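Here's the structure we're looking at; comments come further down.
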Amino acid sequence: MNKILKFTLVGIFGLLFIPQANAQQAKYKCMLQMTNYEGLEAYVVVSLIDPKGNYEKTLYVMGPDKQWYNGFKEWNKTLGKRKQNLNGITGASIAAGDRSITTFSIDESKLNKGYKLRFESAVEDNKYHVGDVEIALSTAEITKKTEGKGFIRYVKLNKL
């Protein structure tokens, strides 16, 4: 009886802390609209950038073939230093004029502390845009429609 009671209490105690561990992760739906550029489908990398401008984490990659990741010169430098498992955060590349809707999680403890999201875009035999779209991770900016500077026309995030 004593062992069953201890096991039950440990189980209940553990369950009480699971929601708190996940409470800081918020899911965002990301709608990305591409421009009508000339060329093949674009690859897009979405990264969390720290207040000093350094890559902290890759949130999503649009483009499944790893052989083309070297086209993202800045991101690829960091990827080579810190091996991040990209399984589960990759999807299809996106064609000119098309729209993509994806979902990723953002650690809410990063909000209002100088972090930002960086959307990099690359098209084979075309220019690479390191900061095609950058969105400040602040409560005031994160859900605003943000215009792109390269292959991305705009990005709009909505909290789920």
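The values are calculated or read from the model by the stated rules, or taken from the named source; none is laboratory data. Source: prediction; values computed, not measured. We place every Cβ from the backbone using ideal geometry, glycine too, and count neighbours over all the protein chains shown.
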### Message
Quick check on region 95-104. Is at least one of its residues in contact with a Lys or Arg (Cβ under 9 Å, 6 or more places away or on another chain), in a strand (DSSP E or B), surrounded by 14 or more Cβ atoms within 10 Å (Cβ to Cβ) and in contact (Cβ under 8 Å) with a residue 40 or more places away in the chain?
### Response
yes
### Task
Kindly check whether there is at least one residue in region 58-65 that is surrounded by 14 or more Cβ atoms within 10 Å (Cβ to Cβ), over 16 Å from Gly148 (Cβ atoms), of a type outside the set (Val, Ile, Thr) and in contact with a helix residue (DSSP H, G or I) (Cβ under 6 Å, 6 or more places away or on another chain).
no
### Query
So which residues in region 128-143 are among the charged types (D, E, K, R) and free of Cβ contacts under 8 Å to residues at least 12 places away in the same chain?
Glu141
### Query
Does Lys149 qualify as being under 25 Å from Gln24 (Cβ atoms) and in a loop (DSSP other than H, G, I, E, B)?
no
### Filter result for Lys110 (basic (Lys, Arg) and surrounded by 15 or more Cβ atoms within 10 Å (Cβ to Cβ))
yes
### Task
Filter region 117-160 for residues that are of a type in the set (A, V, I, L, M, F, W, C) and more than 15 Å from Ile94 (Cα to Cα) and give the result.
Leu117, Val130, Val133, Ile135, Ala136, Leu137, Ala140, Ile142, Leu157, Leu160
### Matching option when the condition is of a type outside the set (Asp, Glu), touching a Gly at 6+ places or on another chain (Cβ under 8 Å) and either over 15 Å from Met34 (Cα atoms) or modelled with pLDDT under 95 (or both), among Lys149, Lys110, Lys144, Lys127
Lys127
### Message
Go through (1) modelled with pLDDT under 95; (2) acidic (Asp, Glu); (3) touching a helix residue (DSSP H, G or I) at 6+ places or on another chain (Cβ under 9 Å) for Glu38 and report which single condition fails.
### Response
(3)
### Task
Go through (1) in contact with a strand residue (DSSP E or B) (Cβ under 6 Å, 6 or more places away or on another chain); (2) in contact (Cβ under 8 Å) with a residue 60 or more places away in the chain; (3) basic (Lys, Arg) and name the single condition Lys149 misses.
(2)
### Query
Which of the residues that make up region 117-134 are surrounded by fewer than 20 Cβ atoms within 10 Å (Cβ to Cβ) and part of a strand (DSSP E or B)?
Tyr128, Val130, Gly131, Glu134
